[in-house]
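The structure appears right after this line, and notes come after that.
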Amino acid sequence: MLGSSVLASATWLLALGQCAIAADIDWSNIKNKRGDKLPDFSFCGYHVSDAALPSASRPSTTTIKASSKDQTSDIQAALNKASAAGGGVVELAAGTFQISPGLIIPNGTALRGSGVGSTHLSISKMKDKVPVISLGNGTTHNVKPLSTVAITDSYVAIGADTVTVRDTKGLKVGQPVFVSRTATAKWIRYNGMADLTRNNKHQTWIAEGTVMQQPRIIGAIKGNKITLTVPLTDALDKNYMSPYLATYTPPSSASEIGLENLSLTLNPSCSGVVLSSTNGCNSEAISVAPWTVDSYIRSVNVTGFNTFVKVQYNASRITLDHVSLVRDRDTDKSAGYPADIAIMGSQVLVQDCGQYGIKTAKAFSLVTQAQTPGPNAVLRHKVQAPDLQQIYPHQRWANGILAEDTDAGVIYQNRNNAGSGHGWTITGGVAWNVRGPSTIQSPPLGVNFAVGVSGTIDKSSNGTMVSSGKAVTPQSLFAAQLAKRKGGK
């Protein structure tokens, strides 16, 4: 009799329509000519996926019942009280709760309903630039460096976790740092981004001098070698840049925040409204605030919004689990397409989420924004129309994203003069066992990977391609990397 793991693999392959055993891939040795490897995505998620999400049945500190009035202030007061007492769970009983934008879940607290079909949060009017619910209350992602030290390696590849610095004076294990470099004219031009135009007007992809950062923590120091706790997702090349480590003191962060087991509905709906709308309809339903860490959104249905979830810059170690995003109106595309989930933070894990509702509602299912630092991972993302709902890094050199085991279209490409000059959108991107139509292009000074992509691959794709047209094992790169990091096979 076949073992359970073999049977599971065979079942998975049949579901994919594969008629041959999948190719067995040694993912740890996939690399390009410069030595760039697959980024390590195992560090994504709540507590770097080393700990399970908190129990959804843990005792609550207080329970609120639904009433006919707006209950935003009552819920906020209960959340603040729980946080001040050291944290806890504010439970919403079954029923419909009228709320307004601006609810903040503070440090150490979770807002939990009795189930997505039982507890309903209802919103009737949005406010411009005010999320309905925020996890944490960080307001800015910018910090000033305390000190800088040059990185002296000639080339540090994607996937490397060690850099050589000129001097380790003042550095210590456990210290947060930005692995930094500025965008140089030489780097911009070599990537083909210096002369973008639209309607005979110059477009700036990334301005010369822009500081580009990968947030990391020092894990070890030996001589002038610095080992980082999370490997790099963007390469450092001294031919085109002058990389350095920047130490900093992060602002106070919020952690252990949860939102779970409820539904959130906007009526009248804002789904599909033109992106240039100024009536609040493009504010997000849920925002993970800057500097929020080790927090999660689980088992939440969100309906009627145009932007559903944003994970802000410098939020990190965030898990979105079983979040359903429902578009109940078609898309007005006259000013572009909306995004379901936008990631600007790092170490974000999006698993078993998806877009539902009107099948023809075209949207970016998940985007990264300008210079979004990796690693970030998207697993088993559900869509209804793979050509219309895509995992699509949006602009300006984000780095280190995994799209895995999905029917969604996956687009890693040069957007050239689209938008305001979005240009090369991603480096260090991996499409793993993707069944949707995919475009995997690599920038001149970067790389994107397609491994086991069985969907249609666009002819413009020039990325590092492995086993095109045929799924691979391991089925999950994320799970394989996590198991290896934890000492398994």
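The values are calculated or read from the model by the stated rules, or taken from the named source; none is laboratory data. What you are looking at is a predicted structure, and each value in this text was computed from that prediction instead of being measured. Note that each Cβ is placed from the backbone with ideal geometry, even for glycine, and that neighbours are counted across all protein chains shown. Surface areas here come from the heavy atoms of the whole protein model, side chains and all, with no ligands, DNA or RNA. Shrake-Rupley method; radii C 1.70, N 1.55, O 1.52, S 1.80 Å.
Here are the numbers for the structure shown:
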item	result
Subset of the range 210-238 that is in a strand (DSSP E or B), of a type outside the set (A, V, I, L, M, F, W, C) and under 19 Å from TRP397 (Cβ atoms) - its residue that is most open to solvent (accessible area, probe 1.4 Å)	GLN213
Test result for SER316, small (Gly, Ala, Ser) and more than 30 Å from SER180 (Cα to Cα)	no
Residue satisfying all of: in the range 336-366; modelled with pLDDT of 95 or more and charged (D, E, K, R); nearest to VAL309 (Cα to Cα) among these	ASP340
Test: THR96 is of a type in the set (Ser, Thr, Tyr), touching a His at 6+ places or on another chain (Cβ under 7 Å) and open to solvent by less than 70 Å² (accessible area, probe 1.4 Å)	yes
Those residues of the range 158-168 which are open to solvent by 20 Å² or more (accessible area, probe 1.4 Å) and on the phi < 0 side of the Ramachandran plot, in sequence order	ALA160, ASP161, THR162, THR164, ARG166, ASP167, THR168
Sole residue being acidic (Asp, Glu), under 16 Å from ASP321 (Cα atoms) and either in contact (Cβ under 8 Å) with a residue 24 or more places away in the chain or open to solvent by less than 80 Å² (accessible area, probe 1.4 Å) (or both), chosen from ASP40, ASP50, ASP74, ASP36	ASP50
Residue identified as surrounded by fewer than 21 Cβ atoms within 10 Å (Cβ to Cβ) and touching a strand residue (DSSP E or B) at 6+ places or on another chain (Cβ under 8 Å) among TYR244, TYR155, TYR190	TYR155
Failed item, numbered, when SER55 is tested on (1) touching a strand residue (DSSP E or B) at 6+ places or on another chain (Cβ under 7 Å); (2) assigned to a loop (DSSP other than H, G, I, E, B); (3) open to solvent by 50 Å² or more (accessible area, probe 1.4 Å); (4) under 28 Å from TRP291 (Cα atoms)	(1)
Qualifying residue in the range 409-417 (condition: open to solvent by less than 10 Å² (accessible area, probe 1.4 Å), in contact (Cβ under 8 Å) with a residue 12 or more places away in the chain and farther than 25 Å from THR210 by Cβ)	yes
Set ALA207, ALA246, ALA185: member being under 24 Å from CYS44 (Cβ atoms) and either among the hydrophobic types (A, V, I, L, M, F, W, C) or without any contact (Cβ under 8 Å) to a residue 40 or more places away in the chain (or both)	ALA246
Enumeration of residues in the range 99-120 that are open to solvent by 30 Å² or more (accessible area, probe 1.4 Å) and either of a type in the set (S, T, N, Q) or on the phi < 0 side of the Ramachandran plot (or both)	SER100, ILE104, ASN107, SER114, VAL116, GLY117, SER118, HIS120
Answer residue from the range 255-295, given it is touching an Asp or Glu at 6+ places or on another chain (Cβ under 9 Å), of a type in the set (Gly, Ala, Ser) and not in a loop (DSSP other than H, G, I, E, B) and is nearest to PHE305 (Cα to Cα) among those	SER295
Filter result for the condition that a residue is modelled with pLDDT under 95, among the β-branched types (Val, Ile, Thr) and open to solvent by 60 Å² or more (accessible area, probe 1.4 Å), over THR148, THR139	THR139
Selected residue (criterion: least open to solvent (accessible area, probe 1.4 Å)) from residues of the range 339-362 that are more than 18 Å from ILE297 (Cα to Cα) and in contact with a Ser or Thr (Cβ under 6 Å, 6 or more places away or on another chain)	ALA361
